[in-house]
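One structure is given here, and the rest of the page talks about it.
We did not get these values from a lab; they are worked out from the coordinates using the rules stated. Just so it is clear, the model here is predicted, and its values are computed rather than measured. Ideal geometry is used to build each Cβ from the backbone, glycine not excepted, and the neighbour counts take in all protein chains shown.
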Amino acid sequence: MMPIDDIDPQAPQREAAFFYGLFLRGHSLEALRQDIDVSPKLLTKWQKAKDFGSEFRADLEKVYSFRKQVLAVFEALVHNESLNSRHHFRIQ
């Protein structure tokens, strides 16, 4: 596994673009959101796990932050698509 610190700063945008491509191909928006996001229930489970060391917990926090970034970019792409679709519809 690649260390989190070595991740390309464009990685959230690339991953969001991947999910956006799936959305454009007809995948369920809600299912994609669930695939991207870390649920509060899962985060709580991670935080309460006794067998995770402090270094691993720090990595989980980075993963959580990364997933939230990906979700935010994905949501922006979907929102822009929605705005563009409405604008295109009005022009025709």
Segment Leu83-Glu55, length gained on full extension (0.36 nm per residue, minus Cα span) | 5.8 nm
Two pseudo-spin positions, 7 Å from Cα along C-beta at Glu30 and at Gln47, lie apart in nanometres by 2.6 nm
Taking Lys45 as the anchor, which aspartates and glutamates have their alpha carbon closer than 14 Å to its alpha carbon, excluding any fewer than eight residues away along the same chain?
-> Glu61
Compute the Cα gyration tensor for the stretch 11-91, then decide on rounded, prolate or oblate, letting a ≥ b ≥ c be the square roots of its eigenvalues: rounded whenever a/c is under 1.5, prolate when a/b is larger than b/c in the other cases, and oblate in all that remain.
-> prolate
Calculated from backbone phi, Karplus (6.51, -1.76, 1.60) coupling profile of the stretch 70-83 in Hz, x at Gly/Pro | 4, 4, 5, 5, 4, 4, 5, 4, 5, 4, 5, 4, 4, 5
So how far apart, in nm, are the two label points at Lys62 and Val38 if each is 7 Å from Cα heading toward Cβ?
-> 1.2 nm
